[in-house]
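Accompanying notes for the structure given below.
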Amino acid sequence: MKLKTEFTLFASMLIIIVILGVSIFLFLFEKQFLIEEIKNVEISTVKNFSQLCKEALITDDEILLLNYINVIKKTNKAIVYGLYLDNKGRVLTSVKDRLIKNVLKSSVGKKAKRTRKFRRQVYTNPLNGELLDILSFPVIINQKKTGIVQVGFSQNIINKRIKNVVDKTRERILQVTLVSLVVGIIGAFLLSRKITLPIRKLAQGAKTIGDGDLDTKIVINTKNELGALAREFNRMAEKLKELDQMKKDFVSSVSHELRSPLTAIQGYIDLFIDTPPEKMNEEMRIKALKIMKSDTTRLTRFINDVLDLAKIEAAQLEVVKEQVNIAQMVEEIFILFTPLTNEKQIKTIMDIPSDIKPILADADKIKQVITNLVSNAFKFTPLGGNITIFARDKGDSLQISVQDTGVGIPPDAVNYVFDKFRQVRKTSGGSAKPKGSGLGLAIVKGIVEAHGGKIWVESKLNQGSIFHFTLLKK
């Protein structure tokens with residue numbers, strides 16, 4: 001079953017349950033409200049009757065009392081009778097019939113005579129079995145009870161009245177319920193369509209990307225979660241495109257790193273095989289062997305880089321700590337780069353205070369870090385530039401920085417210089433495609449973090465870069 005159908009059915013069922021629940025509640029509430037309203041009207045009628053009796057007795061106007069009884073009987077069809085009963089048992093009513101006598105002689109009448117407050121009682125008419133609501137209320141004159149007023153209401157008439165009103169109410173609620181259900185179901189369908197349409201777009205986009213079209217963009221112009229999902233989807237597509245480019249660069253880099261030295265080695269091996277010993281002098285032989293050694297060293301270094309990165313990503317890089325003199329290590333590294341320093345006429349500067357104490361670290365790996373950073377500095381620093389190494393005590397850590405006066409790093413590339421197989425491409429004054437595997441800085445970062453430190457870079461185009469990393473003292 002499609003999501004759109006499932007959502008429509010679920011929303012429709014929810015709407016039906018809610019609307020029916022509300023309708024039933026309104027119906028019951030309306031019925032209860034009507035019953036309470038009728039009871040309040042009955043109480044109000046008896047109290048008003050009591051007040052009029054009080055005025056009629058004070059003015060000695062029995063006609064007023066009898067006329068009022070006739071009026072309320074005509075006004076309210078549920079009133080069977082109304083009477084005033086004084087303390088001497090004298091009854092004033094517009095109609096004297098057997099029902100009134102029976103009521104007054106019954107336990108209901110006896111209790112009503114003794115009441116000093118409002119009383120409601122149920123009485124069964126022996127003449128026809130009809131139930132009556134008998135309401136009695138005292139008549140007080142000068143804080144003295146002079147009698148009671150009593151009104152009998154027919155429950156049959158009241159029930160019919162309630163039934164008529166309830167039937168009309170039920171009909172209105174049913175009409176509203178049906179209209180609400182239709183509108184609700186249509187709304188559920190439209191809402192499900194609105195929700196599932198972006199999802200279908202996302203699904204189609206995922207399929208397109210799965211088919212290899214990494215330029216796919218999802219256009220969903222909403223500011224809700226689906227819009228956010230679409231934006232994240234597009235960001236994911238961009239990331240996949242970058243990763244695809246990284247893969248291509250990696251394949252190209254690996255191919256170059258492996259094929260170039262292997263081709264050279266194979267060529268010189270063929271030379272040794274095809275050239276008779278008497279035709280190859282010592283100088284040519286030594287030159288060929290040195291080139292082969294250089295290429296095998298290059299291959300070994302590349303393979304070691306890949307293995308080191310694999311260990312770093314698997315959190316299996318072994319760190320053997322010992323006391324390391326940073327100043328002495330930097331001097332050794334600068335000596336290593338002396339030929340390149342002379343060739344590019346680059347000035348190397350070491351700014352390490354004499355009071356910097358040896359630090360506990362893995363000497364070989366930290367030397368690898370600094371060597372890699374210095375090598376990158378030479379790669380991107382033009383003739384006549386400067387490369388400086390700083391060391392500063394930061395309390396619980398030692399901060400080491402390698403600064404150059406090279407071409408700098410573009411702002412959009414600063415965030416990914418430490419990613420594996422990522423290399424900064426052509427910048428003003430720089431090479432179009434730097435040599436290397438793109439693993440160096442990723443390995444540097446892994447080594448620094450394995451020591452519990454952190455590494456970052458600051459750079460400005462055409463002004464140079466400075467790489468900082470920290471090593472914890474403990």
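A few comments on the model shown:
- Using equal-weight Cα scatterers in the Debye expression, the normalised intensity of segment 1-114 in log10 at q = 0.13, 0.14 Å⁻¹ is -0.66, -0.72.
- Cβ crowding within 10 Å averaged over residues, with 23-34, 129-140 ranked highest first: 129-140, 23-34
- In segment 301-433, Cα pairs under 8 Å separated by at least six residues give a relative contact order of 21 percent.
- Span-rule helices in the chain, defined as complete DSSP H runs reaching 27 Å or more along the axis (Cα) with Kyte mean at least -0.5: 3-58, 155-210, 225-274, 282-313
- Computed log10 I(q)/I(0) for the chain at 0.05 Å⁻¹: -0.54, from the Debye equation with unit scatterers placed on every C-alpha and solvent omitted.
- Counting only residues at least eight positions apart within a chain, or on another chain, the aspartates and glutamates with an alpha carbon under 19 Å from that of Lys474 are Glu318, Glu322, Asp355, Asp362, Asp364, Asp393, Asp396, Glu449.
- Calculated on alpha-carbon atoms, Rg and Dmax of segment 342-397 in Å: 13.5, 39
- Equivalent ellipsoid of segment 83-167: semi-axes from √(5λ) of the C-alpha gyration tensor, largest first, are 26, 15, 11 Å.
- Mean separation of Cα contacts under 8 Å, 6 or more apart, over the residue count of the chain: relative contact order %: 10 percent
- Environment charge of Leu471, counting only residues whose C-beta is closer than 15 Å and scoring Lys/Arg +1, Asp/Glu -1: +4
- Over the chain: helical MRE at 222 nm, DSSP H runs n ≥ 4 each giving -39500 (n - 2.57), nearest 500: -20000 deg cm²/dmol
- Greater than 18 Å apart at Cα, pairs in Lys379/Lys454; Lys77/Lys160; Lys105/Lys145; Lys239/Lys460: Lys379/Lys454; Lys105/Lys145; Lys239/Lys460
- Magnitude of the charge dipole, the chain, Cβ model with Lys/Arg +1 and Asp/Glu -1, debye to 20: 4460 debye
- Segment 361-424 and segment 297-342: distance between their alpha carbon centers, rounded to Å: 13 Å
- Ile199 - accessible surface, heavy atoms, 1.4 Å probe, Å² rounded to 10: 60 Å²
- P(r) tail for segment 291-369: Cα pairs beyond 15 Å make up 70% of the total.
- A straight line joining the Cα centroids of segment 86-142 and segment 187-209 runs 74 Å.
The values are calculated or read from the model by the stated rules, or taken from the named source; none is laboratory data. In this text, all values refer to a predicted model and were calculated from it rather than measured experimentally. All Cβ positions, even for glycine, are placed from backbone atoms using ideal geometry, and neighbour counts span all protein chains on display. We work out accessible area using only protein heavy atoms, side chains counted, and drop any ligands, DNA or RNA first. Shrake-Rupley method; radii C 1.70, N 1.55, O 1.52, S 1.80 Å.
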